[in-house]
Amino acid sequence: MEADPLLLSRIQFGLTVTFHIIFPTMSIGLAMFLTVIEFLWLRTSDELYLRIYRFWLVIFAMGFGVGVVTGIVLSFEFGTNFATFAKLAGPVIGPLIGLEVLSAFFLEAGFLGIMLFGMGRVGPKLHFAATFLVALGTTISASWILAANSWMQTPAGVAIHDGRFVVTDWLQVIFNPSYLYRLPHMLLAAYISASFLVAGVGAWYLMKSRHLDFARRTFSIGMGLVSTFIAAQLFMGDTVAARMIPLQPSKFQAMEGYWDSTPSAAYLVFVAPDQKAQTNHIQIGIPYLGSLFVTRSLHGTVPGLKETSPADQPPMAAVFYAFRTMFLLGLLMFGAACISIWLRWQDRLFTSRWFHKFIIVMSPAGFVATVAGWYTAEIGRQPWVIFGQLRTADAVSPVAASSVFTTTLLFGVVYAIFSAAFLTLTLRLIARGPIDGPRTSPYSGGSPKRAIMAPLPAPAAMQEGQLQ
């Protein structure tokens, strides 16, 4: 059987973007966490915060580096595997990616060195400013990438001349109909993912009875941040889904798993769809819950995928299960946050070992949910690369299948090595734990406040009375 270059190109892009998205998510979330921790250190002079900062700074740096390298690969793939897309949509996508480099990458690169190596070499306020600006850079970077991707989901502000997209209104391009909903959804996903990772490491130390002061503080802050963000995320997720009904109806119809529009619909948790026959051979659901979620009424009608022409339908099974994975993990994370609040109120947050085991298992949940959400967005957009405007089949490069297969194989090998190296180094760092010491502040007197207030040393000549 002859291989399909389009299918192989999509598999390659799926492989590389799956690996890549984990690291920006980690960088955005940990940058926020480090900013909070350094602020608390400056406010309280409690050096336990400094130990937490230094421990997570190393993991942040490793994740940031891998994220930058793997992101460059995606840019190249637009030219190699989707050259037609790059040619037709280049006037829109190119400037947005260029602005991301100019406004975000340079900001991150300019202050990352101070953040990683400047403690003790620059003042504490300047170092905190560097941490904050790196965190701001990761957020700006995400905002430009989401602007470009959201434009591909809900294009606006363009006209087509000679087959190419030409911008008529940049504000409409950037603030396209889905951007302002998807951006906070993505940022909250990053914050929650990193917070669960932090809490999971704290829970592991609590289970092992190691580094207990570090473990309690880390676990408490991690679960506190999860509890802060998860309710907002459920609200934003529901808002994004509601906006999808008018903007990308086929994606929403595939997410719900029905072929025919169904009143008083169950919330389907399992389906065995047959795309060719346009039916589910098996479906299992919770009565009325689907209508309640979608229409806020027990008897409302959930739209079915048959409302979209078969030629324009996304693959239901992939979209349905990706969305269910994200949604069910979101509910589990919300449950974990509620339990943590209750245990904190009962003063049992640090003694409930069953809960610590649960949080350790849940440590990667945020990243898995983020990847599943990205699959829902990207696969649900199919068969369009620019929704309603340009089909993916018309955007692929005229390259041989064997070339795409070979590069996909090479990417798989290289990314497997990257994964093994990152996981090995991270797990070793976690196994070693934070560096203990009676005095860890790099500033004079061991206190950032005292360092700020300390007078500048007198010049040597004045000390010796040579200027008198």
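If I filter the range 407-420 for residues that are of a type in the set (Val, Ile, Thr), more than 30 Å from TRP151 (Cα to Cα) and touching a residue at least 40 places away in the same chain (Cβ under 8 Å), do I get at least one hit? No, every residue in the range 407-420 fails to be of a type in the set (Val, Ile, Thr), more than 30 Å from TRP151 (Cα to Cα) and touching a residue at least 40 places away in the same chain (Cβ under 8 Å). Residue under question is VAL414, and the condition is that it be open to solvent by 30 Å² or more (accessible area, probe 1.4 Å), at pLDDT 75 or above and assigned to a loop (DSSP other than H, G, I, E, B); does it hold? The answer is no for VAL414. Considering only residues in the range 67-123 that are among the hydroxyl-bearing types (Ser, Thr, Tyr) and open to solvent by 50 Å² or more (accessible area, probe 1.4 Å), the one that is nearest to GLU38 (Cα to Cα) turns out to be SER75.
Among the candidates ALA372, ALA431, ALA451, which residue alone is of a type in the set (Gly, Ala, Ser), at pLDDT 90 or above and over 24 Å from the mean Cα position of the chain (by Cα)?
Only one candidate qualifies: ALA431.
With the condition kept exactly as written, say whether any residue in the range 30-44 is of a type in the set (Asp, Glu) and under 19 Å from ALA199 (Cα atoms). The answer is yes; a qualifying residue exists. Within the range 298-316, which residues are open to solvent by 10 Å² or more (accessible area, probe 1.4 Å) and either closer than 13 Å to VAL271 by Cβ or touching a Phe, Trp or Tyr at 6+ places or on another chain (Cβ under 9 Å) (or both)? Of everything in the range 298-316, those that are open to solvent by 10 Å² or more (accessible area, probe 1.4 Å) and either closer than 13 Å to VAL271 by Cβ or touching a Phe, Trp or Tyr at 6+ places or on another chain (Cβ under 9 Å) (or both) turn out to be LEU298, HIS299, PRO303, LYS306, ASP312, PRO315.
Okay, residues lined up against (1) open to solvent by less than 10 Å² (accessible area, probe 1.4 Å); (2) in contact with a Phe, Trp or Tyr (Cβ under 6 Å, 6 or more places away or on another chain); (3) among the β-branched types (Val, Ile, Thr); (4) not in a helix (DSSP H, G or I):
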| residue | (1), (2), (3), (4) |
| --- | --- |
| ALA318 | no, no, no, no |
| TYR321 | no, no, no, no |
| CYS338 | no, no, no, no |
| ASP347 | no, no, no, yes |
| HIS356 | yes, no, no, no |
| GLY366 | yes, yes, no, no |
| TYR375 | no, no, no, no |
| PRO398 | no, no, no, yes |
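Going by the conditions given, is ARG51 charged (D, E, K, R), closer than 23 Å to ILE192 by Cα and touching a helix residue (DSSP H, G or I) at 6+ places or on another chain (Cβ under 9 Å)? Here the answer is yes, as ARG51 does meet what is asked. One residue stands out among those in the range 258-269 that are in contact with a Pro (Cβ under 8 Å, 6 or more places away or on another chain) and closer than 17 Å to GLN313 by Cα: the one that is surrounded by the fewest Cβ atoms within 10 Å (Cβ to Cβ), which is SER261.
Considering the conditions (1) within 23 Å of VAL134 (Cα to Cα); (2) of a type in the set (Val, Ile, Thr); (3) at pLDDT 90 or above; (4) under 22 Å from the mean Cα position of the chain (by Cα), ILE114 is excluded by exactly one of them, (4). Listed by first and then second residue, the pairs with beta-carbon distance under 8 Å, at least 6 apart or on different chains, first residue in the range 285-310 and among the aromatic types (Phe, Trp, Tyr), second surrounded by fewer than 17 Cβ atoms within 10 Å (Cβ to Cβ), are TYR288/SER264; TYR288/LEU298; TYR288/HIS299.
Any residue at all in the range 240-257 that's touching a His at 6+ places or on another chain (Cβ under 7 Å) and either open to solvent by 10 Å² or more (accessible area, probe 1.4 Å) or not polar (S, T, N, Q) (or both)? Scanning the range 240-257, I find at least one residue that is touching a His at 6+ places or on another chain (Cβ under 7 Å) and either open to solvent by 10 Å² or more (accessible area, probe 1.4 Å) or not polar (S, T, N, Q) (or both), so the answer is yes.
When only residues in the range 168-224 that are aromatic (Phe, Trp, Tyr) and either in a loop (DSSP other than H, G, I, E, B) or over 24 Å from LYS357 (Cα atoms) (or both) count, which is least open to solvent (accessible area, probe 1.4 Å)? Give the steps one after another, and end with the answer.
So the first thing to find is which residues in the range 168-224 are aromatic (Phe, Trp, Tyr), and the list is 170, 175, 179, 181, 191, 196, 204-205, 214, 219.
With the extra rule that they be either in a loop (DSSP other than H, G, I, E, B) or over 24 Å from LYS357 (Cα atoms) (or both), the set shrinks to 170, 175, 179, 181.
Details: TRP170: 102, PHE175: 110, TYR179: 18, TYR181: 73 Å².
Of everything passing the filter in the range 168-224, TYR179 is least open to solvent (accessible area, probe 1.4 Å).
All conditions but one from (1) surrounded by fewer than 14 Cβ atoms within 10 Å (Cβ to Cβ); (2) in a helix (DSSP H, G or I) apply to ALA272; the one that does not is (2). Restricting ILE21, ILE37 to those that are open to solvent by less than 20 Å² (accessible area, probe 1.4 Å), part of a helix (DSSP H, G or I), at pLDDT below 95 and under 27 Å from LEU183 (Cβ atoms) reduces the list to ILE21. On the given criteria, is PHE327 of a type in the set (Phe, Trp, Tyr), open to solvent by 40 Å² or more (accessible area, probe 1.4 Å) and under 14 Å from VAL226 (Cα atoms)? Against the criterion (of a type in the set (Phe, Trp, Tyr), open to solvent by 40 Å² or more (accessible area, probe 1.4 Å) and under 14 Å from VAL226 (Cα atoms)), PHE327 does not qualify.
Here is the figure for the range 225-239: residues that are open to solvent by 20 Å² or more (accessible area, probe 1.4 Å), touching a residue at least 60 places away in the same chain (Cβ under 8 Å) and either over 24 Å from MET207 (Cα atoms) or not hydroxyl-bearing (Ser, Thr, Tyr) (or both) total 5. If you go through the range 73-106 and pick out every residue that is farther than 17 Å from ILE140 by Cα, of a type outside the set (Lys, Arg) and either touching a Cys at 6+ places or on another chain (Cβ under 9 Å) or in a helix (DSSP H, G or I) (or both), you end up with 17. Residues that are under 27 Å from GLY366 (Cα atoms) and of a type in the set (Ser, Thr, Tyr): does the range 33-42 have at least one? Yes, the range 33-42 has at least one match. The set of residues in the range 67-96 being at pLDDT below 90 and either within 20 Å of the chain's Cα centre (by Cα) or at positive phi (or both) consists of GLY67, VAL68, VAL69, THR70, GLY71, ILE72, VAL73, LEU74, SER75.
In the condition set (1) on the phi < 0 side of the Ramachandran plot; (2) at pLDDT below 95, HIS211 is compliant with all but (1).
The values are calculated or read from the model by the stated rules, or taken from the named source; none is laboratory data. Quick caveat, the model's predicted, so the values are computed rather than measured. As a convention, Cβ positions derive from the backbone with ideal geometry for all residues, glycine included, and neighbour counts pool all protein chains shown. Side chains included, ligands, DNA and RNA excluded: accessible areas come from the protein's heavy atoms. Shrake-Rupley method; radii C 1.70, N 1.55, O 1.52, S 1.80 Å.
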